[in-house]
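These notes concern the structure reproduced below.
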Amino acid sequence: MFENLSERLSGVFDRLTKQGALSEDDVRTALREVRVALLEADVSLPVARSFIKAVESKATGQAVTKSVTPGQQVVKIVHDELVNFLAGDNETPGELKVDSPPAPILMVGLQGSGKTTTTAKLAKRLKEKNGKRVLMASLDVNRPAAMEQLAILGTQVGVDTLPIVKGQTPVQIAQRAKQQATLGGYDVYMLDTAGRLSIDDALMAEVESVRDVTKPRETLLVVDGLTGQDAVHTAENFDSRIGISGVVLTRMDGDGRGGAALSMRYVTGQPIKFVGLGEKMDALEEFHPERIAGRILG
Ligand code: GDP
């Protein structure tokens, strides 16, 4: 997911660690290369700038340049700052608020982002890892195929889906899901909202009314990681209008750059909770800032 960036950075840091003594200028030159590598990974300019500034203020002091292993010190500072940029406050990777049953989880995002697939992947995970009884419901009244897709995936992962009733509005379906989840003793009910090709008022108003009747414990935005900075803008938009509690970045199996992952937290203030790494129902990983930083730095 970060192959290109990782390769570029290992080149920079190999040189730095082999060099022995380092001047402040050496450090600055290396950090300029890191900045270029970040920009090439599609990290947005303000994020790259702010990252380099934070590293520079710690890495150009005497404690580093006069130390016995200055190169390694710089790498450690970069590592710690990466974790800082990726991590949410008090976030436990992979944890979702699903106490007080039935806990509603609202899944939002643009069409084609991987929302339905991710809903089923998460339901499977909640069932198998957390031992939860999950009910899924599709609110995509304009696309019967999307509703059927969720039902098919539900059968595949052994998770119940709310029976499809034609002619209901998304709010009516959400209310029926809540009722069914309560009566049926489910721990969690997941609402797969309709997507649009672009953000528009109608989409947002629809999601808002579903949010207002269900008061979700988690509102997860699913975004296509391949869209880079657009993914970050989408998250900003959804967060300002709906209020999200986290992000799932999909298609990270196809992205060697990873810029969206690096910018998301800084720009939106929202944590990435999971990443999608393929079409299969198991291809979902918790987002661990520490591990990711380790992976990026090799
Ligand atoms: P929706 O319109 O947002 O509900 O999108 P879907 O869930 O229908 O997904 C659209 C396509 O993306 C499907 O073919 C999925 O199998 C595929 N997809 C979803 N997540 C991932 C992922 O993490 N990696 C890859 N490679 N494909 C994915």
**Asked** DSSP loop GluC sites (Glu not before Pro) in region 30-104 with at most 14 other Cβ atoms within 10 Å of their Cβ, which ones?
**Response** Glu95
**Message:** Placing one identical point scatterer on every Cα of the chain and ignoring solvent, what is log10 I(q)/I(0) from the Debye formula at q = 0.11 Å⁻¹?
**Reply:** -0.66
**Request:** Determine, from the Cβ-Cβ distance of Ala202 and Gln19 and an R0 of 35 Å, the FRET efficiency 1/(1 + (r/R0)^6), rounded to the nearest 0.05.
**Result:** 0.05
**Asked** Where does region 3-83 land on the Kirkwood hydrodynamic radius, alpha-carbon pairs, in angstrom?
**Response** 12.5 Å
**Item:** Residue-averaged [θ]222 nm for the chain, counting only DSSP H segments that reach four residues, each worth -39500 (n - 2.57)
**Value:** -17000 deg cm²/dmol
**Stokes-Einstein D in µm²/s, Kirkwood radius over Cα pairs - region 130-243 at 20 °C with 1.002 mPa s viscosity** = 143 µm²/s
**Item:** Where the Cα pairs of region 55-121 fall when distances are cut into 5 Å bins, in %
**Value:** 3, 13, 13, 12, 11, 10, 8, 8, 8, 8, 4, 0
**Request:** Over the residues of region 167-298, compute the C-alpha Rg and express it relative to 2.2 N^0.38 Å.
**Result:** 1.15
**Asked** Once you sort the root eigenvalues of the Cα gyration tensor of region 216-284 as a ≥ b ≥ c, which label holds: rounded (a/c under 1.5), prolate (a/b larger than b/c) or oblate (the other case)?
**Response** oblate
**Message:** I'd like the FRET efficiency for Ile152 and Gln175, computed as 1/(1 + (r/R0)^6) with the beta carbon distance as r and R0 of 35 Å, rounded to 0.05.
**Reply:** 0.90
**Request:** From the P(r) of region 199-246, can you give the percent of Cα pairs sitting at distances over 11 Å?
**Result:** 68 percent
**Message:** Within region 1-158, count lysine pairs with alpha carbon atoms under 29 angstrom apart where the residues are 8 or more positions apart or belong to different chains.
**Reply:** 22
**Asked** Could you give the semi-axes, largest first, of the ellipsoid that matches region 150-204, computed as the square roots of 5 times the alpha carbon gyration tensor eigenvalues and rounded to whole Å?
**Response** 22, 15, 11
**Cβ-Cβ FRET estimate between Val83 and Lys53, R0 fixed at 22 Å, reported to 0.05** = 0.85
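Readers should treat all values here as calculations from the given coordinates under stated rules, not as data from a laboratory. Quick caveat, the model's predicted, so the values are computed rather than measured. Neighbour counts run over all protein chains shown; Cβ positions are idealised from the backbone, glycine included.
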